[in-house]
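What follows is one structure encoded as structure tokens, with my remarks underneath.
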């Protein structure tokens, strides 16, 4: 890989690292379920950008696009199901705090 191409890729690499760090931090630190869901979304966007970058580097853009489209579809399904679960927990408990999930034990 030439130096010119590597210079073009540095902003993408830094963006991936920043998105991954922000998403992982958001999942670990917060106790609000909506923020955890947003952190998961940010984390998956970092992985999506990584797939696109790896497809560009390896010259297999079509394969990377197929992976990204599949990942977006799976991501939407997971976010919708998790949003439904969060809405149900909020209706039952009137709180979005993760620590209150222990009260749901039967």
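Any read-out appearing in this document is the output of simple, stated calculations on the displayed coordinates, not a laboratory observation. Since we're looking at a predicted model, the values are computed, not measured. Quick reminder, even Gly has a Cβ in these numbers, built from the backbone with ideal geometry, and neighbours come from all protein chains shown.
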Problem set entry | Residue in the range 92-99 that is at negative phi, touching a strand residue (DSSP E or B) at 6+ places or on another chain (Cβ under 6 Å) and surrounded by 14 or more Cβ atoms within 10 Å (Cβ to Cβ) present | yes
Exercise. Of the residues 87, 28, which is within 23 Å of residue 13 (Cβ to Cβ) and in a helix (DSSP H, G or I)?
Worked result: 28
Exercise. Among the residues of the range 50-84, which ones are within 18 Å of residue 8 (Cα to Cα) and in a helix (DSSP H, G or I)?
Worked result: 50, 51, 52, 53, 54, 55, 56, 57, 61
Problem set entry | Count - residues of the range 23-39 that are exposed (fewer than 15 other Cβ atoms within 10 Å of the Cβ) and within 14 Å of the chain's Cα centre (by Cα) | 3
